[in-house]
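First up is the structure itself, then whatever we jot down about it.
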Amino acid sequence: MFILGILAAHCGCAQDTTKLASMKKIKQYPQKILAKTNQFEERLDKKTNKFLQQAQKSEIKMKKKLSKIDSLKAEAVFGDIKIRYQQLEQRLKKEAAQVQQYIPSLDTMSSSLRFFQQNSSFLSMDKATAERLKIASDKVKELENKFQKAEEIKRLIKEKQQYLKAQIGKLGFAKELKRFNKRAYYYSEQIKEYKALLKDKKGIEKKVIARLSKTKLFKEFMKKNGQLAGLFQTAGNIPSPENLASLTGLQARTEVQKLLQNQLGSSSLNSKIDSKGGMPNAQAQLNQLKQKVTRIGNTDSDIESLGFKPNSQKVKPFLKKFELAADIQSAKHNNLFPVTSDIGLSLGFKPSDKLITGIGLTYKLGWGSGFKNIRITHLGIGLRSFIDIKAKGQLFVSGGYEQNYFAIIRSIEQLRDINAWKSSALLGLSKKYKIGTKKNGEIKLLYDFFYARSAPRTQPLLFRVGFGL
């Protein structure tokens, strides 16, 4: 400990070492990273292989169809499809992909692992730990390379889409091209989803990254070794050879300035910067240019040109399609005081952006007869099933079937009487809205077609207010 203290003091990181050393499971960090990268590598390989197989089959079908019309044109447009895809797969396996896109999560993983390798005092380094760090670090690089290869596939497929549209777009291939474009779109969206899921840090990974980010030594390390630091050099910051290599092909500041001047006009750009409030105005100009470039060059965001309405749920993991929500509806005794409140908890499954279906439970709570006579009682429970179908925007047509037990519950035996349960058949409208940036809210107005069957008779119109959990 004395030697570690001297080493930490020499580096100016005694407190930093203590903070991380206090984490008993910190040695599991490399193993967690390894497990995570293995999982995403398997998913990415599976999705990429499946997409390439589907794309190849689609081209073969289009070639056969075109051959019946014009065999020479079919050969000129498609060539030998199988050999072309085999060559692509072999090239992707052999060649290392050039860094084309910055992925923050992988940069953090890679940098943190290299940080531990170069600062052994943080992990009380032994041979086994050093080996795990190396394996995990290599795996992160391999995963990054595969993401870059996926970007290369996206680029090639986009070129193929444009080529096929120009060659056979007017020859009765609208259906086939739409299917080809649809698969390409969902492959692109799936890659985006994987990158987003990489950010989802949990457990040890979350704690280690959070603590590392607070240490001075790690901040200094990232300034010199982080991939992003290599893109934006600051005074006294000399990027590593790896980051210098990653700068190849990037435009220099003067080149970017010339491009902006060509797009906005030299006098316009300079006047915006030099005038009062120039920087905000210049930023606004840059934002406008960015939006124009996005509209022109990024076909992924141009939904109208796809020929179909994308389903964002298609690329989400299965468990991410479930939504937990709660709602409340009240029956009033007078204008102010509610007699009862039905508190519901539901679990919905969202297979598409236009459909939500699920089940739920309700608990009926009695409040008494007035403000001077508040008395909480347990008046019943209910079982729900529901379905919401999108009508327009955030307006949904909602339906459901429910079984409710309306009586004071004194024992579980009461619930076994089937005849005591009352049915409700519901149909109405629901409106979904945002609560803040992350939460969703919902209001529902439903009509109960079985309200007259209940004894005592229940209200026909139900108004519910809900929110996501």
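The values are calculated or read from the model by the stated rules, or taken from the named source; none is laboratory data. Small disclaimer: the values here were computed from a predicted structure and weren't measured. Heads up, the Cβs are rebuilt from the backbone with ideal geometry, glycines too, and the neighbour counts pull from every protein chain shown.
Is it true that LEU88 is at pLDDT below 90 and closer than 23 Å to ALA166 by Cβ? So LEU88 fits the description; yes. The set of residues from segment 375-420 being of a type in the set (S, T, N, Q) and either in contact with a Gly (Cβ under 9 Å, 6 or more places away or on another chain) or touching a residue at least 40 places away in the same chain (Cβ under 8 Å) (or both) comprises THR377, SER385, SER398, GLN403, ASN404. Scoring GLN101 on the criteria (1) closer than 27 Å to LYS224 by Cα; (2) modelled with pLDDT of 85 or more; (3) surrounded by fewer than 19 Cβ atoms within 10 Å (Cβ to Cβ); (4) not hydrophobic (A, V, I, L, M, F, W, C) leaves a single failure, condition (2). Condition check: under 26 Å from LYS219 (Cβ atoms) and out of contact with any helix residue (DSSP H, G or I) (no Cβ under 6 Å at 6 or more places or on another chain). Does LYS141 satisfy that? For LYS141, the condition - under 26 Å from LYS219 (Cβ atoms) and out of contact with any helix residue (DSSP H, G or I) (no Cβ under 6 Å at 6 or more places or on another chain) - is met. The numbered conditions (1) in a strand (DSSP E or B); (2) modelled with pLDDT under 80 are all true for PHE463 except (2). Tell me, please, whether a residue that is within 19 Å of ALA331 (Cα to Cα) and not in a loop (DSSP other than H, G, I, E, B) can be found in segment 344-353. Scanning segment 344-353, I find at least one residue that is within 19 Å of ALA331 (Cα to Cα) and not in a loop (DSSP other than H, G, I, E, B), so the answer is yes. Every listed requirement among (1) more than 30 Å from VAL77 (Cα to Cα); (2) modelled with pLDDT of 85 or more is met by TYR185 save one, (1). Among the conditions (1) modelled with pLDDT of 90 or more; (2) farther than 30 Å from LYS170 by Cβ, the only one that GLN56 does not satisfy is (2).
Taking every residue in segment 352-368 that is at negative phi and pairing it with any residue that is charged (D, E, K, R), at least 6 positions away or on another chain, the pairs with Cβ-Cβ distances below 6 Å are LYS354/LYS390; ILE356/LYS350; ILE356/ASP388; GLY360/ARG384; THR362/ASP342; LYS364/ASP342. Once segment 373-418 is narrowed to residues that are of a type in the set (D, E, K, R) and surrounded by 13 or more Cβ atoms within 10 Å (Cβ to Cβ), the residue that is farthest from LEU355 (Cα to Cα) is GLU402. When GLY169, GLY79 are screened for being surrounded by fewer than 16 Cβ atoms within 10 Å (Cβ to Cβ) and at positive phi, only GLY79 passes. Test LYS314 against the stated conditions and say whether it is surrounded by 12 or more Cβ atoms within 10 Å (Cβ to Cβ) and modelled with pLDDT under 90. So LYS314 passes the test.
Within segment 70-93, residues that are touching a residue at least 12 places away in the same chain (Cβ under 8 Å) and under 12 Å from GLU59 (Cβ atoms) reach partners that are in a helix (DSSP H, G or I) and charged (D, E, K, R) with beta carbons closer than 8 Å, at six or more positions or on different chains, in the pairs VAL77/LYS63; PHE78/GLU59; PHE78/LYS63; ILE81/GLU59; ILE81/LYS63. Scan segment 155-200 for residues that are over 28 Å from the mean Cα position of the chain (by Cα) and of a type in the set (Val, Ile, Thr) and the total you get is 1. Filtering segment 427-454 to residues that are without any contact (Cβ under 8 Å) to a residue 24 or more places away in the chain and either part of a loop (DSSP other than H, G, I, E, B) or out of contact with any Gly (no Cβ under 9 Å at 6 or more places or on another chain) (or both) leaves GLY436, THR437, LYS438, ALA452. A single entry from THR377, THR458 fulfils the requirement of being in a loop (DSSP other than H, G, I, E, B) and either farther than 16 Å from SER341 by Cα or in the same structural domain as PHE322 (by TED's automatic domain parsing) (or both): THR458.
GLN31 meets the conditions (1) closer than 30 Å to PRO317 by Cα; (2) modelled with pLDDT of 90 or more; (3) of a type in the set (S, T, N, Q) in every case but one. The failed one is (2). Scanning segment 355-399 for residues that are farther than 18 Å from SER330 by Cβ and among the small types (Gly, Ala, Ser) returns GLY358, SER385, ALA391, GLY393, SER398, GLY399.
Within the set SER112, SER120, SER124, the sole residue that is out of contact with any His (no Cβ under 8 Å at 6 or more places or on another chain), buried (at least 21 other Cβ atoms within 10 Å of the Cβ) and at pLDDT below 90 turns out to be SER112. Whenever a residue of segment 189-203 is within 13 Å of LYS154 (Cβ to Cβ) and among the polar types (S, T, N, Q), its partners that are assigned to a helix (DSSP H, G or I) and modelled with pLDDT of 90 or more, lying with C-beta atoms within less than 7 angstrom and at least six residues away or across chains, give the pairs GLN190/LYS47.
Against the test of being without any contact (Cβ under 8 Å) to a residue 24 or more places away in the chain and either over 23 Å from the mean Cα position of the chain (by Cα) or closer than 18 Å to MET109 by Cβ (or both), the options ALA136, ALA128 yield a single qualifying residue, ALA128.
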